[in-house]
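Only one structure is covered here, and it is reproduced in the block below.
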Amino acid sequence: MNAINPETALRTMSYAEAIREAMALAMEADPAVVLMGEDIGVYGGAFQVTLDLIERFGPDRVMDTPISELGGAGVAVGAALTGLKPIYEFQFSDFAMLAMEQIVNQAAKLRYMLGGEAAVPVVFRLPSGSGTGAAAQHSQSIEAWFGHVPGLKVLQPSTPEDAKGMLLAALADPDPVMIFEHKLLYKTRGHVPAGRYLTPIGKALVRRTGTDLTIVAGSIMVHRALEAAETLVAEGISAEVIDLRSIRPIDHATILASVRKTGRLMVVYEGVKAFGVGAEISALVAESDAFDYLDAPILRLGAADAPVPYNPDLERAAVPQVDTIAAGARRLFRREV
Amino acid sequence: MAKADNRPFALRTYAPEKLREALRRMYLIRRFEEGAEDCYMRGLIHGTMHLSIGQEASAMASCMELTDADKITSTHRGHGHCIAKGANVGRMFAEFFGKETGYCHGRGGSMHIADVKTGNLGANGIVGGGLPIAVGAALSAKRLGKPDVTVCFFGDGANNEGAFHEALNMAAIWKLPVVFVCENNRYGMSTPASYATAVPNISDRAAAYAMPGITVDGNDFSAVAEAVHHAIRRARNGEGPSLVENLTYRWRGHSKSDRNRYRTKEEIEEWMARDPIARFQADLIAHGILDQAGADAIAAEAVAAVAAGVEFAKASPAPDISEVTRYVHAE
Ligand SMILES: Cc1ncc(C[n+]2csc(CCOP(=O)(O)OP(=O)(O)O)c2C)c(N)n1
Ligand SMILES: [Mg+2]
């Protein structure tokens, strides 16, 4: 890991606070940055991420929108096209479906359709994931959908440090960026450097080095994979855990290098297993020379082929957990228990 | 010479037994939601929930003339609609407890509470999600030659979704038997309707879709019943949709995580003084449809039904974890 200077090492904050700090820094530095979304003003956002920003920056820059996702996202796209730098918060990532038209047909394609003459530097923030008992329409992990759309960038921070750095990087990016934040991570705390820094878009990060197995995971699954990796130590399995960080663009080099080293690959993600991030990464390996290094079939662990259920035990069973990740690893070593 | 009947519309129009049943269901809604809140506080129910306490007249008076064949579409704040339409509180609690005996077999929870057999097509996690669905239900009734109507509940916040406008337009051009009932409780989460909506009344939107629109005191049972009565008659006569706006107020926060930063205690208290249940009960007593002892018995019955419902839910089996993909497709 990077050397940390003693002063900044003491600087810890929550994932939500880190995102807020990034927004405040950006707003102080650039009057073109505006926040838009439902109940982001006095309410502070459904997950309190924008708490108190309206007091600091006023309602002209922290704009509560009516409940109008298609219109709200579209207004953000139009404003981005013409000089503002909007950060549009979807109250839940599930509601991006109401704005699909503006995200996919407009934001993603405008630069290309206009032959490079236009830019849409909009940032969409999307609280995502299951585990809150909010059932099928408030718990989805749909980030992979947007991986299929040329023109978009799709990020997934797993730590407070990355949550801040990715938002600042997204704002610095000239194209539309979607950041899928995990609801269960908002209160998690970690080291966050002071000031402005950019987490590079499209760079995965090896969170844990290992020799026997590569686990590629994103968002909260990084934490579950790291925990699973610890339990595997006692069984003589050394797992390398890669935090994907960016779904689009995807970091081929880091993944392939790790697979060449370990000879085994497991991809862990919260979206539905079929047609997901795992398919893309598996194909990436299968199409490359890293395929020759594989000592076992590739394993994908994703969500059950069902909407996210309400019942807490069903909900838990529907997505990968620490124990299922560890069990998956054992399967790759034919150590079924 | 016959004396003019100066009783409120509902009391002139419905039989005493039906009125007492309406009061019973309003008490049931109130006690059910208090019970659900209590179970949530005690950790027996997880997730979140949206309580409609204070809005019971809107739910109940809008359902007075509906049969089980008539449909409703409901919202995330849908417990009241579900009970008003005739659901069993035991099965509702079972759903909240995530049990297999719940209305959605533990898959849906509060936000998706439904009772398809009594015509409740479901609460909805998506604001505005029910509006086009209601129009589709009305289209079915018309094409299949049935007399059924659909009552579509939605909030003031939902009127700013595109789905609202698209749905009202289609209902109007095809003259479909649907009644749009807007429960304007002044806020969509924290956002005041007066800020988020360009027109002063949601019912003003009706003009854009060439249908009648009316705004009534949503805490006045009889006023709601009268407005919805006329709208339903129009719908059943093939004259098309209407929009009824019930002005009301939710006493509780938006959901379980609301800190009420956007409204004052005084405002909440002012609205609590306009309790729709107390007002309806006073009307019934004043016009001799009920005496105090009768009212007390109805209230006590609701308490007992809720207690029994919780017990039913607790004793019910949970879904089997191996069945996580059950109900995704037809079996
Ligand atoms: C499409 C969509 N956007 C946002 C939300 C989040 N949300 C749930 S309820 C709500 C407020 C709805 O207000 P209103 O329609 O007035 O109904 P009320 O809650 O007041 O009953 C919001 C913003 C959602 N569930 N669906
Ligand atoms: Mg409302």
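The values are calculated or read from the model by the stated rules, or taken from the named source; none is laboratory data. These numbers come from a predicted model, not from an experiment. Note that we place each Cβ from the backbone using ideal geometry, even for glycine, and neighbour counts take in every protein chain shown.
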I'm told A:Asp251 meets every condition in (1) within 14 Å of another protein chain (Cβ to nearest Cβ); (2) within 20 Å of A:Phe180 (Cβ to Cβ) except one. Can you identify the failing condition by its number?
(1)
For the range A:289-319, the count of residues that are within 13 Å of chain B (Cβ to nearest Cβ) and in a loop (DSSP other than H, G, I, E, B) equals 9
So B:Glu65 fits all but one of (1) within 13 Å of chain A (Cβ to nearest Cβ); (2) among the charged types (D, E, K, R); (3) away from ligand 2 (no atom under 16 Å from the Cβ); what number is the exception?
(1)
Please go through the range B:145-198 and pick out each residue that is facing chain A (nearest Cβ under 10 Å), in contact with a helix residue (DSSP H, G or I) (Cβ under 9 Å, 6 or more places away or on another chain) and among the polar types (S, T, N, Q).
B:Asn159, B:Asn160, B:Thr191, B:Thr197
Over the range A:115-130, the set of residues within 16 Å of the chain's Cα centre (by Cα) and not charged (D, E, K, R) is A:Val123, A:Phe124, A:Leu126, A:Pro127, A:Ser128, A:Gly129, A:Ser130
Scan the range B:166-199 residue by residue and report those that are within 16 Å of ligand 1 (Cβ to nearest atom), surrounded by fewer than 18 Cβ atoms within 10 Å (Cβ to Cβ) and either charged (D, E, K, R) or not in a helix (DSSP H, G or I) (or both).
B:Glu166, B:Arg186, B:Pro192, B:Ala198, B:Val199
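May I ask you to say which residue of A:Glu161, A:Glu181 is surrounded by fewer than 24 Cβ atoms within 10 Å (Cβ to Cβ), touching a residue at least 60 places away in the same chain (Cβ under 8 Å) and not assigned by TED's automatic domain parsing to the domain that holds A:Gly276? Can you show your working first?
Values: A:Glu181 fails: surrounded by fewer than 24 Cβ atoms within 10 Å (Cβ to Cβ).
Only one candidate qualifies: A:Glu161.
Given the residues B:Ile133, B:Ile126, which is the only one that is within 16 Å of ligand 2 (Cβ to nearest atom) and surrounded by fewer than 24 Cβ atoms within 10 Å (Cβ to Cβ)? Please lay out each step first, then the result.
Working: B:Ile133 fails: within 16 Å of ligand 2 (Cβ to nearest atom).
Residue meeting the stated conditions: B:Ile126.
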Given the conditions (1) polar (S, T, N, Q); (2) within 25 Å of B:Ala278 (Cα to Cα); (3) part of a helix (DSSP H, G or I); (4) within 15 Å of ligand 2 (Cβ to nearest atom), every one holds for B:Ser222 apart from (4)
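Hey, which of the helices (runs of 4 or more DSSP H) in the range B:1-95, taking only ones fully inside, have at least 3 residues that are of a type in the set (A, V, I, L, M, F, W, C), crowded, with 24+ Cβ neighbours inside 10 Å and touching a residue at least 60 places away in the same chain (Cβ under 8 Å)?
Details: elements: B:9-13, B:16-41, B:56-62, B:79-84.
By residue number, B:16-41, B:56-62.
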Positions within the range B:196-208 being within 20 Å of B:Ala171 (Cβ to Cβ) and in contact with a strand residue (DSSP E or B) (Cβ under 8 Å, 6 or more places away or on another chain), in sequence order
B:Asn201, B:Ile202, B:Ser203, B:Asp204, B:Arg205, B:Ala206, B:Ala207
Could you please give the count of residues in the range B:104-136 that are within 17 Å of the chain's Cα centre (by Cα) and in a loop (DSSP other than H, G, I, E, B)?
13
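Select from the range B:226-260 the residues that are more than 16 Å from ligand 2 (Cβ to nearest atom) and either free of Cβ contacts under 8 Å to residues at least 12 places away in the same chain or touching a Phe, Trp or Tyr at 6+ places or on another chain (Cβ under 6 Å) (or both) and list them in ascending order. Even if it seems obvious, please write down each step before you answer.
Of the range B:226-260, the ones more than 16 Å from ligand 2 (Cβ to nearest atom) are B:226-242, B:256-257, B:259.
Listed by number, the residues that qualify are B:Glu226, B:Arg233, B:Asn237, B:Arg259.
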Check on B:Ala207, farther than 29 Å from A:Gln140 by Cβ and more than 14 Å from chain A (Cβ to nearest Cβ)
yes
Go through the range B:85-107 and report how many residues are touching a Cys at 6+ places or on another chain (Cβ under 7 Å) and more than 17 Å from B:Gly35 (Cβ to Cβ).
1
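For every residue, the table says whether it meets (1) within 16 Å of ligand 2 (Cβ to nearest atom); (2) part of a loop (DSSP other than H, G, I, E, B); (3) more than 20 Å from the chain's Cα centre (by Cα).
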{"position": "B:Ala138", "(1), (2), (3)": "no, no, no"}
{"position": "B:Ala141", "(1), (2), (3)": "no, no, yes"}
{"position": "B:Pro147", "(1), (2), (3)": "no, yes, yes"}
{"position": "B:Val151", "(1), (2), (3)": "no, no, no"}
{"position": "B:Ser203", "(1), (2), (3)": "yes, no, no"}
{"position": "B:Met211", "(1), (2), (3)": "no, yes, yes"}
{"position": "B:Ile214", "(1), (2), (3)": "no, no, no"}
